[in-house]
1. Can you find even one residue in the range 112-130 that is among the aliphatic types (A, V, I, L, M), touching a strand residue (DSSP E or B) at 6+ places or on another chain (Cβ under 7 Å), in the same structural domain as residue 46 (by TED's automatic domain parsing) and not in a strand (DSSP E or B)?
2. Just to check your reading of the model, which residue among 263, 309 is within 29 Å of the chain's Cα centre (by Cα) and at positive phi?
3. Kindly establish whether residue 24 is within 21 Å of residue 160 (Cβ to Cβ), within 16 Å of the ligand (Cβ to nearest atom), within 18 Å of the chain's Cα centre (by Cα) and not in a loop (DSSP other than H, G, I, E, B).
4. Within the range 30-68, which residues are assigned to a loop (DSSP other than H, G, I, E, B) and in contact with a Cys (Cβ under 7 Å, 6 or more places away or on another chain)?
5. Only one of 99, 11, 5, 89 is part of a loop (DSSP other than H, G, I, E, B) and either within 16 Å of the ligand (Cβ to nearest atom) or in contact (Cβ under 8 Å) with a residue 40 or more places away in the chain (or both). Can you tell me which?
6. Within the range 130-140, take every residue that is touching a residue at least 40 places away in the same chain (Cβ under 8 Å) and touching a helix residue (DSSP H, G or I) at 6+ places or on another chain (Cβ under 9 Å) and give me the one that is surrounded by the most Cβ atoms within 10 Å (Cβ to Cβ).
7. Kindly evaluate residue 43 against the criterion of being at positive phi and buried (at least 20 other Cβ atoms within 10 Å of the Cβ).
Amino acid sequence: MASTLLQASNLCKSFGARRAVDGVSLRVLAGQTVGLLGPNGAGKSTTVGMLCGLVRPDAGEVMLDGEAVTPDAMRAKRKIGLVPQDLALYEDLSAHENLRLFGALYDLKGGALAARVQEVLALVNLADRAREKVSTFSGGMKRRLNIAAAMLHDPALLILDEPTVGVDPQSRNAIFETLEQLKREGRSLIYTSHYMEEVERLADHIVIVDHGKVIADESPAGLHQLLPAQAALRFELATPLQPLHLELLRAEAGVASVAAGDGNRYEIGLTDSGAAVALLAWLEQNGYRLVHFATARASLEDIFLNLTGRSLRD
Ligand SMILES: Nc1ncnc2c1ncn2[C@@H]1O[C@H](COP(=O)(O)OP(=O)(O)OP(=O)(O)O)[C@@H](O)[C@H]1O
């Protein structure tokens, strides 16, 4: 089993009377990508601030590689690269000049700095635009430059706070390709988002926060196990289901629930997505003609709804 890189224990932070973070613990193993998922205002940015030693917690601690991360712990903080939500770039300088400046802040110099700047530009696919002013860049290109800046000092852990906010779909994909490359290289990442599909695509482990508290801390497969139904089978029939058949369907293997909608449309919650084929055959055997059907795997959106009774996008 991989070793623990970061362990945050019982982090708490209040702003006045508001408890922004209320006892958050999380762990990142070496080489793992942990998704921190939660709606706006759940406490993700405040948690990230404490994880990288920018915000002093009221209680709790963060250990990275055996060292405490606090606002004064320069050595421990240097093992972290942060891509903040607010872009931190000089618009009037080129990408190359920005990176040289940030590198100097990390005490990189001379040939080592020049080589590292080229490496991170290649990583985020901006080598051919390196000499252009940042003010001419799209939102997505600026984000990628921010990722490059956070990687300059070769951190053990890269933390990205909602890196796709305000980014067009094409650039979003380019950001994902960069992050997938970092994963292949065995880097450790924390990725915060309120977009469940992003977290589902990237994360090996998912921590869901709501109102400053962890409400789930699971592998993606483990999260799906929390749901009564793993998948949905939606179908439309030429004629309505007879009440008797509706009852019989509810008793079939693999069926968690059956809901009837308008116009002979139905949705079956499946405990096992493999049951869909047998259920479609069952309908035909009982004389029903299928007009349309589709299956869908339960999403993190369903999981959030199931855990909190609210939509993730509230
Ligand atoms: N510096 C601050 N002063 C006062 N309140 C704050 C401060 N920072 C955060 N908060 C409050 O703490 C709560 C958590 O905010 P936080 O930014 O950590 O959430 P988030 O999950 O990152 O949300 P978002 O996705 O909108 O950034 C919110 O109610 C927010 O208004």
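1. If we filter the range 112-130 for residues that are among the aliphatic types (A, V, I, L, M), which is where we start, we get 112-115, 117, 120-124, 126-127, 130.
Next, from what is left, pick out any that are touching a strand residue (DSSP E or B) at 6+ places or on another chain (Cβ under 7 Å): 130.
If we keep only those that are in the same structural domain as residue 46 (by TED's automatic domain parsing) too, we end up with 130.
Pick out the ones that are also not in a strand (DSSP E or B) and you get 130.
Yes, the range 112-130 contains at least one residue that is among the aliphatic types (A, V, I, L, M), touching a strand residue (DSSP E or B) at 6+ places or on another chain (Cβ under 7 Å), in the same structural domain as residue 46 (by TED's automatic domain parsing) and not in a strand (DSSP E or B).
2. Values: 263 fails: within 29 Å of the chain's Cα centre (by Cα).
Only one candidate passes the filter, namely 309.
3. Details: within 21 Å of residue 160 (Cβ to Cβ): yes; within 16 Å of the ligand (Cβ to nearest atom): yes; within 18 Å of the chain's Cα centre (by Cα): yes; not in a loop (DSSP other than H, G, I, E, B): yes.
Yes; evaluated as a whole, the condition is true for this residue.
4. To start, the set of residues in the range 30-68 that are assigned to a loop (DSSP other than H, G, I, E, B) comprises 30-32, 38-43, 52-58, 65-66.
Within the range 30-68, 57, 58 meet the criteria.
5. 89
6. Of the range 130-140, the ones touching a residue at least 40 places away in the same chain (Cβ under 8 Å) are 133-135, 137.
Subset that is touching a helix residue (DSSP H, G or I) at 6+ places or on another chain (Cβ under 9 Å): 133-134, 137.
Working: 133: 15, 134: 19, 137: 21.
Applying the filter and picking the extreme gives 137.
7. Values: at positive phi: yes; buried (at least 20 other Cβ atoms within 10 Å of the Cβ): yes.
Yes: the conditions hold for residue 43.
For every residue, the table says whether it meets (1) at negative phi; (2) at pLDDT 95 or above; (3) of a type outside the set (A, V, I, L, M).
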residue	(1), (2), (3)
50	yes, yes, no
64	yes, yes, no
71	yes, no, yes
87	yes, no, no
109	yes, no, yes
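The values are calculated or read from the model by the stated rules, or taken from the named source; none is laboratory data. Computed from a predicted structure; not experimentally measured. All Cβ positions, even for glycine, are placed from backbone atoms using ideal geometry, and neighbour counts span all protein chains on display.
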